[in-house]
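Structure first, commentary second.
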Amino acid sequence: MARRRIIAGNWKMNKTPSEAKALCAELKDLVKNDDVDVVYCVPAIDITTVVEAVAGTNVQVGAENFYIEDSGAFTGEISAPMLVDAGVKYVIMGHSERRDIFGENDILINAKVKKAFAAGLKPILCCGESLALRKAGTYKEWIERQITWDLDGVTADQVKELVIAYEPIWAIGTGETATADQAQEVCGFIRELIAKLYDQATAEAVRIQYGGSMNAGNAAELLSKPDIDGGLIGGASLKPDFGKIVNA
Ligand code: 13P
């Protein structure tokens, strides 16, 4: 079954609203491609600006984070209904920066996956190992544990709509990309894991991205691999290079 490619930018903590508007204008013609889902995951404060800037184009907007309650006394947080109302379609969760810097664990990430689906948002669920685990050779066990926890209680029909991003931490922002074979090995492993946890049809439907120093030069080779259905792109999503990745 052919899975639709999904190329998502994760802007992280970059771009003020006025800079975001300018970047959308700069990328507008470069990211055109009717065969690919193109998503800009942007800082919360940029969401309204970016939703307006990409209206009528092929670009969809994602958030980088949210909290699991709908409303209430949660100073500083934004909720899934707020994102939906603002025009957001996707939301990132489980990113290593949120796990490592902000202490998010798999119990919270699991709650986020379920809440996002319940609210009508598509999760981009990130997983990935540290350099130490890569060197120790235990990275697959680590990723199996992350995904098994994060998908606890999530249905097969939901997983068919899920995007999983494999992002080895040692490749994020370092310029050191996993080789296409290394990325394929883990993305293929994740698909087998979904088949084991669910069934073959679910495994064939779930979309799996690679993330970590993906750029205009290495995207085509990574995306040529059978189990890599797209990319989650940090640094290169802030530049015209992003258009080259969309069209790789
Ligand atoms: P870089 O593309 O900057 O390595 O970041 C990858 C990433 O963390 C995307 O979520």
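The values are calculated or read from the model by the stated rules, or taken from the named source; none is laboratory data. What you see is a predicted model; the values in this text were computed from it and never measured. As a convention, Cβ positions derive from the backbone with ideal geometry for all residues, glycine included, and neighbour counts pool all protein chains shown. Surface accessibility is based on the protein's heavy atoms, side chains included, excluding ligands, DNA and RNA. Shrake-Rupley method; radii C 1.70, N 1.55, O 1.52, S 1.80 Å.
Accessible area per residue (1.4 Å probe, heavy atoms of protein chains only) ranks Asp29, Asp85, Asp106, Asp46 as Asp85, Asp29, Asp106, Asp46, with the largest value leading. Taking each of Lys114/Lys239; Lys28/Lys122; Lys15/Lys225 in turn, the alpha-carbon distance tops 27 angstrom for Lys114/Lys239; Lys15/Lys225. A 1.4 Å probe run over the protein chains yields, for segment 199-244, 33 Å² of accessible area per residue, whole-number rounding. Computed on the chain, with alpha-carbon pairs under 8 angstrom and 6+ residues apart, the relative contact order is 22 percent. Charges were assigned to the Cβ only: +1 to each Lys and Arg, -1 to each Asp and Glu. The resulting dipole of the chain about its Cα centre is roughly 220 debye. Figure note: Met93, Met82 ranked by solvent-accessible area, largest first, 1.4 Å probe, ligands and nucleic acids not counted: Met82, Met93. GNM, the chain, Cα, under 10 Å: largest mean-square fluctuation among Tyr40, Tyr166, Tyr198? Sorting by GNM fluctuation, first place goes to Tyr198.
In this calculation the C-beta distance from Ala118 to Lys21 is compared with R0 = 25 Å, giving a FRET efficiency of 0.20. Bridge orientation summary for the chain: considering DSSP beta bridges with both residues in this region, about 0 percent are antiparallel.
Taking a ≥ b ≥ c as the square roots of the eigenvalues of the Cα gyration tensor, the chain is classed as rounded, since a/c falls below 1.5. Ligands, DNA and RNA aside, Glu52 has an accessible area near 140 Å² when probed at 1.4 Å.
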